[in-house]
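Asker: Quick one: the structure is below, questions incoming.
Nothing in this text is a laboratory measurement; each read-out follows from the coordinates by a stated rule. Everything numeric here is computed off the predicted structure, so don't read it as measured data. Note: ideal-geometry Cβ built from the backbone for every residue, glycine included; neighbour counts use all protein chains shown.
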Amino acid sequence: MPTATDGITVSDYIPEDHEQVIATSRRLTTGVAPWRDHEKIAHELVRFIEDAISAAAEGKGHVLVAKLGGAVVGFMTLGQQQHWTGEMDGYIGELATASGFDGKGVGRALMAAAEERARAMGLERITVHAGAANARARRFYQFVGFAEDPLCQDLVRHPVVPNH
């Protein structure tokens, strides 16, 4: 079900989104250490996203796409991952906004949709690995309610399912 924030709609990925999602994924190489091969990282990111698209097609997660006026302005991959305690958490693999859309509500709209999907999957938490040097992403996740897990520096949003 699409959700909207400030004219931004978020829905599950459809094949027509592919080109724009892949183009947006290039932004995920921002902040990568200079000694890493950015082209190789960009190639691997495309592989991660295409794996997430395949998993979502099999009902194993979601690729959420934010649009404004029909154009892709961001996307997020959401899957599940088992914490070392055995509990299942929602897991954000990638979240990127199109150039010029930072701070415009795209990330918040994607997060609202991700929380809705996580609740529907019966998950209590969503985790994300945000690089220690990616201060902007870490601030965003903290802004939307994530807290740092002191054991591993992952950021965790808990609860997504209200306590009963």
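Asker: Give me Rg over Rh for the chain, both radii from the alpha carbons and Rh done the Kirkwood way, two decimal places.
Answerer: Checking Rg against Rh, the ratio lands at 0.94.
Asker: Turning to a different aspect of this structure: To make sure I understand, if each residue's beta carbon is the centre and we count other beta carbons within 10 Å, what order do Asp6, Asp89 fall in, fewest to most?
Answerer: Ascending Cβ contact count within 10 Å gives the list Asp6, Asp89.
Asker: Let me have the relative contact order for the chain, percent, based on Cα pairs under 8 Å that are six or more residues apart.
Answerer: 20 percent
Asker: Another question, then. Among Ser99, Ser11, Ser54, which one shows the highest mean-square fluctuation when the chain is modelled as a Gaussian network with alpha-carbon springs under 10 Å?
Answerer: The residue that fluctuates most here is Ser99.
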